[in-house]
Amino acid sequence: MTSLCITMPSSQHEACSSQCRTLKSMRAALSGIAIVTPEWISRSLEKKEIQLPKGNLCIRTLPSKAERWMVKENCSMQNLCKTTARFGVARYAARLKLRECSPCPSLLELPLQGAYICLCGSWKKGGLTPKKADAQTILHEAGAQAVSATSLMRQLKDTFKPSSESEESRFFVLLCDDAKTDKDSGISTTLFDEISSSLNSLQSSGLKTKVLVVGSAWLFDCVSCGTTIVDVRSYSPDSPRAKELWKKIVNVPP
């Protein structure tokens, strides 16, 4: 079992950020495993004892794709639930520590706890997105449930039943790969019509349920921020059908 993750620090951000965002570093962040810099190894060897991962010896931030989450003004260590990637690793680790001694439900949730997420597209290795198995690993460890398009449509329909009106907020996400055409996007006309209809119904239903259609960077930025990102303006998918649904969500004129 991994007990430590080592990665290079970045010179672009002062928030103890890593140079890049790898599968291993994201899994370490989700598990509360320390992410240290090569300097930690050098310092430990110099002192002839294991050093505490602090200061420039550890990584506190995994850089987000959307630069807006790296803006300094958006960060406050006093507000552990605010959406920001700055010090996201440290903030999420603090939440993991707090949940050991606190019954507060909001501190018990993983970043994508309870979300139903359908991977749309082929997610082939070599593209701009990671391979499907890696995406599924992150989804699982972030608390999400990977579902098929059929299952997502069924679960979504259930939210409109009278017995579901009092339920907590639920998230249904079409997570798209880098496909540029509808043929390769995995979004059939049936799925498109169902999601479009649900978006229209949710606007007047008063339900807390949310439906998101996003590009792949959204998933990894959720890990960097340690929470489900609801404001998806920075995560436009590429295929026409997916983009049309995304525009409905972010209220972009057709």
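The values are calculated or read from the model by the stated rules, or taken from the named source; none is laboratory data. Keep in mind that what you see is a predicted model, and the values were worked out from it rather than measured. All Cβ positions, even for glycine, are placed from backbone atoms using ideal geometry, and neighbour counts span all protein chains on display.
Thr228 meets all of the listed conditions (1) buried (at least 21 other Cβ atoms within 10 Å of the Cβ); (2) out of contact with any Lys or Arg (no Cβ under 8 Å at 6 or more places or on another chain); (3) not in a loop (DSSP other than H, G, I, E, B) but one, namely (3).
Test Asp221 against the stated conditions and say whether it is at pLDDT 90 or above, in the same structural domain as Ala142 (by TED's automatic domain parsing), surrounded by 14 or more Cβ atoms within 10 Å (Cβ to Cβ) and of a type outside the set (S, T, N, Q). Give the steps one after another, and end with the answer.
Values: at pLDDT 90 or above: yes; in the same structural domain as Ala142 (by TED's automatic domain parsing): yes; surrounded by 14 or more Cβ atoms within 10 Å (Cβ to Cβ): yes; of a type outside the set (S, T, N, Q): yes.
Judged against the criteria, Asp221 is a match.
Pick from region 138-152 the residues that are in contact with a Phe, Trp or Tyr (Cβ under 8 Å, 6 or more places away or on another chain) and assigned to a helix (DSSP H, G or I): which of them is nearest to Glu194 (Cα to Cα)? It comes out as Leu152. Residues of region 40-78 that are assigned to a helix (DSSP H, G or I), at pLDDT below 90 and either outside the structural domain of Ala90 (by TED's automatic domain parsing) or in contact with a helix residue (DSSP H, G or I) (Cβ under 7 Å, 6 or more places away or on another chain) (or both): Asn56 alone. Consider Ser198 carefully, then state whether it is hydroxyl-bearing (Ser, Thr, Tyr) and either crowded, with 21+ Cβ neighbours inside 10 Å or part of a helix (DSSP H, G or I) (or both). Yes; evaluated as a whole, the condition is true for this residue.
Within region 231-254, which residues are touching an Asp or Glu at 6+ places or on another chain (Cβ under 9 Å) and outside any loop (DSSP other than H, G, I, E, B)? Before you say what the answer is, go through the steps one by one.
Just the residues of region 231-254 that are touching an Asp or Glu at 6+ places or on another chain (Cβ under 9 Å), to begin with: 234-235, 237-242, 250, 254.
Those that are touching an Asp or Glu at 6+ places or on another chain (Cβ under 9 Å) and outside any loop (DSSP other than H, G, I, E, B): Pro240, Arg241, Ala242, Val250.
Consider Leu191 carefully, then state whether it is touching a strand residue (DSSP E or B) at 6+ places or on another chain (Cβ under 9 Å), surrounded by fewer than 20 Cβ atoms within 10 Å (Cβ to Cβ), over 26 Å from Leu23 (Cα atoms) and not basic (Lys, Arg). Before the answer, list the steps.
Numbers: touching a strand residue (DSSP E or B) at 6+ places or on another chain (Cβ under 9 Å): yes; surrounded by fewer than 20 Cβ atoms within 10 Å (Cβ to Cβ): no; over 26 Å from Leu23 (Cα atoms): yes; not basic (Lys, Arg): yes.
Considered against the rule, which asks whether it is touching a strand residue (DSSP E or B) at 6+ places or on another chain (Cβ under 9 Å), surrounded by fewer than 20 Cβ atoms within 10 Å (Cβ to Cβ), over 26 Å from Leu23 (Cα atoms) and not basic (Lys, Arg), Leu191 comes out as no.
When Lys82 is tested against (1) charged (D, E, K, R); (2) in contact with an Asp or Glu (Cβ under 8 Å, 6 or more places away or on another chain); (3) modelled with pLDDT under 90, just one condition goes unmet, and that condition is (2). Within region 13-51, being among the hydroxyl-bearing types (Ser, Thr, Tyr) and within 20 Å of the chain's Cα centre (by Cα) holds for Ser17, Ser18, Thr22, Ser25, Ser31. Could we say that Thr209 is among the β-branched types (Val, Ile, Thr), within 20 Å of Ile249 (Cα to Cα), outside the structural domain of Thr83 (by TED's automatic domain parsing) and surrounded by fewer than 15 Cβ atoms within 10 Å (Cβ to Cβ) here? When the stated conditions are applied, Thr209 does not pass them. Among the residues of region 103-125, write down those that are modelled with pLDDT of 85 or more, over 15 Å from Asp178 (Cα atoms) and crowded, with 17+ Cβ neighbours inside 10 Å. Scanning region 103-125 gives Leu110, Pro111, Leu112, Ala115, Tyr116, Ile117.
One residue stands out among those in region 110-144 that are under 13 Å from the mean Cα position of the chain (by Cα) and among the polar types (S, T, N, Q): the one that is nearest to Thr228 (Cα to Cα), which is Gln113. Selection of region 138-152 for residues being touching a Pro at 6+ places or on another chain (Cβ under 9 Å) and of a type outside the set (A, V, I, L, M) yields only Gly143.
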